[in-house]
1. Check LEU384 against each of (1) surrounded by 20 or more Cβ atoms within 10 Å (Cβ to Cβ); (2) touching a helix residue (DSSP H, G or I) at 6+ places or on another chain (Cβ under 6 Å); (3) modelled with pLDDT of 90 or more; (4) farther than 30 Å from GLY214 by Cβ and name the one condition it does not meet.
2. Inside region 212-260, can you point out the residues that are assigned to a helix (DSSP H, G or I), under 23 Å from ALA41 (Cβ atoms) and not aliphatic (A, V, I, L, M)?
3. Scanning region 16-58 for residues that are among the β-branched types (Val, Ile, Thr) and at pLDDT below 90, which turns out farthest from SER223 (Cα to Cα)?
4. Using beta carbons and a limit of 8 Å, which pairs, at least six apart or on different chains, have the first residue in region 552-567 and part of a helix (DSSP H, G or I) and the second one modelled with pLDDT of 90 or more and of a type in the set (Gly, Ala, Ser)?
5. Looking only at residues that are part of a loop (DSSP other than H, G, I, E, B) and closer than 18 Å to ILE526 by Cβ in region 417-440, which one is nearest to the chain's Cα centre (by Cα)?
6. Has region 131-138 got any residue that is outside any helix (DSSP H, G or I) and either of a type in the set (A, V, I, L, M) or in contact with an Asp or Glu (Cβ under 6 Å, 6 or more places away or on another chain) (or both)?
7. Would region 440-450 turn up any residue that is in the same structural domain as THR505 (by TED's automatic domain parsing) and in contact with a Ser or Thr (Cβ under 6 Å, 6 or more places away or on another chain)?
8. Name every residue in region 502-534 that is among the acidic types (Asp, Glu) and under 16 Å from VAL556 (Cβ atoms), in order of residue number.
Amino acid sequence: MQQARNGQKDAQGPLPLLFASLRGWSGKDLGGDALAGLTLAAIAIPEQMATARLGDLSPQAGFLAFMAGAVAFALFGASRSMSVGADSTIAPIFAAGLVLLAQSGSPHYAALAALLALMVGATVAVAGLLRFGWIADLLSVPVTAGFLAGISVHIVVSQLPALLGLPSASGNVFQRLAAVHSGFGEINLYSAAIGIGVFAVIVVCERISAHIPGALVALAASSLAVVIFGLPGRGVAVLGTLPAAVPGLHLPAVTFDDMRTLVPLTLLVAIVVMVQTAATTRSFASANGSGDDVNRDFVGVGAGNLICGLVGAFPINASPPRTAIVVETGGRSQVASLVAAVIVLALVLFGAGLLKNVPQSALAGVLFFVAMRILRWQTFAATLRQAPTEFLLVAATALAIVALPIEIGVAIGIGLSLLHGVWTITQAGMIEFEHVPGTSIWWPPNGEPAGERVEGVLVVAFQAPLSFVNAGRFGRDFRAMVAARAGSLNHVIFEASSVIDIDYTAAQTLCEVIAYCRDAGITFSIARLESVRAQAALARFGIAAQLGHARVFRSVDEAVRALTGGPGVAASSSSNEKA
């Protein structure tokens, strides 16, 4: 993820006012938005029901989550096409955390889910207001792929009992698999056939066209089969009559201790929400002419979570697949999501009876498809082929999420991503630059044409920001390179174009390096320190004053001319001069 994009948005001033996602909308866009909204509703209705089930909550909660996300994002978000609602990526995470605090399906469990939505919403919205879009870059692509692979395993294992018509199981992944194995002789073949059939129908419909609402078609067909063949009498579990859910705002019945207990889970879910929101924003930024405003979209998704908490739903997230549907079906603005929300509202108020014959195994089939869809096979293959070391991150993250409590696995994944980033910086080392013959360019040795050295001058560079994680290596490598040229060295030029910042520890090391050169009778100069932040650090830590203006240059060639007193690089110098 590119941090520079966030910086560009920061320069635009305050966040825009309400309905930024509807800017430029006109009546001629209504047709495209209406069609996109109908398609979105057809896909979202079964998906929201299934995802609510994944979070151990009622289908009505899933519908409320979708409506709250659509309305809030249209008000506060910036993306014209983003779809927000219940999401299968975060549902297993918060369900695994909440079940440790309250019995699944109990009023306290539902209240904690609503409270978590409020806390996640506040966290994500404040992150957007404070322009913390860079937080979304905490997860690398390999770690994200491993994270989704682990979530996929959790989805499949959690839905196996419903798919096979077995009693629901609890515990970790291995305990749930053991329960399925022990009940294998009691599998309900009708339930299994429905679940597998629903999965197959969705796969075939998506292969034909992404616009076909395969999940809705499959659920309708399976519900019809339940009625025609009297499958409840054959042991097939169905949703049953759902009470009408009239949306209303209220605070969940929780305590301060509940809030305190949910803080770690809030941070985990919020980070995942921000990562996925940023990825969705950037992936579809130019699909319909909208800009890329990650921070504004954080505010929109955060507001959606806040409303979810007030209507008794659960945490929601941006959805890349549903957003793609809006774009592909001609959606021009958030009016498409609002149309879908109106359709869902009509179903909640007047059509709850239509869902009473939906088989539980059919929802499991929908979730099996979701689990398959979130697997990033291309990323697995590319990482294994091009960066085998980073593929270990994929495997380690997936294994941690599967083998450990899911919230701990997610935390480990984030930690691995950060450690990998830090490790990459620590691997940077000093490198000597050579002059490219016939030019004013100094470049690392790279074959032909052979580079040149200037007698008595050492030009070195460090290929990373200077910070506490690599300051020790910087100091050691620098002294080693200077010591290797002892007796023949008069000037050292530090080519600093790669140094974008300098922290306190690195500044102390740089001062020690300068003192080391001075004690050896060698001048120390800095060239091409282009970063404004690094220049400010040089002044703040007193290094600029220590060196003096005459020892800071805009180019290596300028430094060489000034230090050697010649017009340029000596023609007699050669890359064969090896000390």
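The values are calculated or read from the model by the stated rules, or taken from the named source; none is laboratory data. Just so it is clear, the model here is predicted, and its values are computed rather than measured. Methodologically, a virtual Cβ is constructed for each residue, glycine included, from the backbone with ideal geometry; neighbour enumeration extends over all protein chains shown.
1. All conditions are met except number (1).
2. Within region 212-260, GLY214, SER222, SER223 qualify.
3. Our first condition is that a residue be among the β-branched types (Val, Ile, Thr); within region 16-58, this holds for 39, 43, 45, 51.
Subset that is at pLDDT below 90: 39, 43.
Working: THR39: 20, ILE43: 17 Å.
For region 16-58, the residue satisfying everything is THR39.
4. From residues that are part of a helix (DSSP H, G or I), the pairs are VAL556/ALA527; GLU558/ALA527; ALA559/SER525; ALA559/ALA527; LEU563/SER525; THR564/GLY456.
5. Taking region 417-440 first, the residues part of a loop (DSSP other than H, G, I, E, B) are 427-429, 433, 436-440.
Subset that is closer than 18 Å to ILE526 by Cβ: 428, 433, 440.
On the way: ALA428: 26, PHE433: 37, SER440: 42 Å.
Ranking the qualifying residues of region 417-440, first place goes to ALA428.
6. yes
7. Yes - at least one qualifying residue is present in region 440-450.
8. Across region 502-534, the qualifying residue is only GLU530.
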